[in-house]
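The values are calculated or read from the model by the stated rules, or taken from the named source; none is laboratory data. All values derive from a computational prediction rather than experimental measurement. Note that each Cβ is placed from the backbone with ideal geometry, even for glycine, and that neighbours are counted across all protein chains shown.
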Amino acid sequence: MISIDDFKKVEMKIGRILSAEKVEDADKLLKLSVDFGEERPRQIISGIATNFPEPATLVGKSCPFVVNLEHRTIRGLVSEGMIMAVGNDDGFFSLLEANPDTPPGSSIR
């Protein structure tokens, strides 16, 4: 269990996926370019490639992301956040999606 004060430290925002491509020599990784209404898009490296054989289907989706994680280097690529998704041990997987009209950078409260 974590305290409400710990939970309040997590910053989640809606990001619009601008591009998605497989990471070379990695079966599970996608490199996403995501608009959060900031000066430049962020790069997000995510282990969701097996669920999206055609990564281009992600382009234009508005999804929630955790945006205040420490940056992490994965396969030589810097990841600047984490996409939120739903899954279980039986293989079910689904991205969480916001209304397409939600402005990039909108805070999840």
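Cβ-Cβ distances below 6 Å connect the following pairs, each with a first residue in segment 65-85 that is in a strand (DSSP E or B) and crowded, with 17+ Cβ neighbours inside 10 Å, a second residue that is at pLDDT 95 or above and of a type in the set (Gly, Ala, Ser), and a separation of six or more residues or different chains: 65/15; 65/81; 83/46. Pairs under 8 Å by beta carbon, first residue of a type in the set (Asp, Glu) in segment 16-32, partner surrounded by 20 or more Cβ atoms within 10 Å (Cβ to Cβ) and at pLDDT 95 or above, six or more apart or different chains? Once the first residue is of a type in the set (Asp, Glu) and sits in segment 16-32, its partners that are surrounded by 20 or more Cβ atoms within 10 Å (Cβ to Cβ) and at pLDDT 95 or above give 21/30; 21/31.
Of the residues making up segment 2-56, just one is at positive phi and modelled with pLDDT of 95 or more, namely 37. What residue, among those in segment 1-34 that are β-branched (Val, Ile, Thr) and assigned to a loop (DSSP other than H, G, I, E, B), is surrounded by the most Cβ atoms within 10 Å (Cβ to Cβ)? Out of the qualifying residues, it is 23.
Each residue in segment 14-60 was checked for being in contact with a strand residue (DSSP E or B) (Cβ under 8 Å, 6 or more places away or on another chain), over 18 Å from residue 86 (Cβ atoms) and of a type outside the set (Gly, Ala, Ser), and 16 pass.
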